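Encoded as structure tokens, the structure appears first; notes follow it.
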Amino acid sequence: MPKNPLSFFNVAFEQAQSAFAHDEVPVGAALVKDGVVIASAPNRMRQNSDATAHAEMLCLREACQLLKTQQLTDCDLYVTLEPCPMCAGAIANARVRRVFFGAYDEKGGGVDHGARVFEHTLHKPEIVGGVNEILCGQQLSDFFKQKR
């Protein structure tokens with residue numbers, strides 16, 4: 001376990017705030033290797049006109065390019081919302097060591113809800129859910145209240 005996962009989680013939360021400011025669903029992610037953030041991203045689906053531009057996917061792509069590998073076995077992912085099935089599948093394929101997430105997603109989640117992707121994959125990262133759950137959930141609620 002990392003010594004202070006909340007410090008890395010704050011990076012993901014800042015990315016989610018950036019997404020909110022750009023009218024994207026406020027989800028942010030940070031990927032950490034050896035105690036250093038090597039990739040971070042907000043959701044950019046609208047900005048990129050790309051349904052796969054979830055924060056997690058963008059982080060994984062950036063880290064794989066930086067490290068010149070498709071496997072991130074000694075990396076931990078911090079994300080403000082429970083990963084969806086697409087992102088959970090990518091996390092498993094990238095062999096991410098641990099996933100820390102904030103708010104649970106009963107409708108669209110793919111880890112503790114819905115498809116429960118890691119129950120069906122060869123690689124199963126260590127999962128820690130509910131990190132700063134209230135703060136992350138409130139950010140999402142505020143965003144969707146604005147949309148109504």
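The values are calculated or read from the model by the stated rules, or taken from the named source; none is laboratory data. Source: prediction; values computed, not measured. Using ideal geometry, Cβ is built from the backbone for each residue, glycine included, and neighbour counts are taken over all protein chains shown. These area figures cover heavy atoms from the full protein model, side chains too; ligands, DNA and RNA do not enter into them. Shrake-Rupley method; radii C 1.70, N 1.55, O 1.52, S 1.80 Å.
Descriptive notes on the structure:
- Considering residues of the stretch 120-148 that are charged (D, E, K, R) and at pLDDT 95 or above only, the residue surrounded by the most Cβ atoms within 10 Å (Cβ to Cβ): E133
- Cross-chain or 6+ apart pairs with Cβ under 6 Å, the stretch 91-114 first and under 13 Å from C75 (Cβ atoms) and modelled with pLDDT of 95 or more, then assigned to a strand (DSSP E or B) and open to solvent by 30 Å² or more (accessible area, probe 1.4 Å): R98/E126; V99/I127; F100/V128
- V36 more than 23 Å from R148 (Cα to Cα) and open to solvent by less than 30 Å² (accessible area, probe 1.4 Å): no
- All positions within the stretch 68-84 that are over 13 Å from E126 (Cα atoms) and open to solvent by less than 60 Å² (accessible area, probe 1.4 Å): T69, L72, V79, T80, L81, E82, P83, C84
- Residues that are touching a residue at least 60 places away in the same chain (Cβ under 8 Å) and surrounded by fewer than 24 Cβ atoms within 10 Å (Cβ to Cβ), drawn from the stretch 14-33: Q17, F20, V25
- Test: residue in the stretch 72-80 that is under 22 Å from S141 (Cβ atoms), in contact with an Asp or Glu (Cβ under 9 Å, 6 or more places away or on another chain) and at pLDDT 95 or above: yes
- Filtering the stretch 26-57 to residues that are among the polar types (S, T, N, Q) and under 11 Å from the mean Cα position of the chain (by Cα) leaves S40, N43.
- Residue among R116, R61 that is within 19 Å of G129 (Cβ to Cβ) and open to solvent by 70 Å² or more (accessible area, probe 1.4 Å): R116
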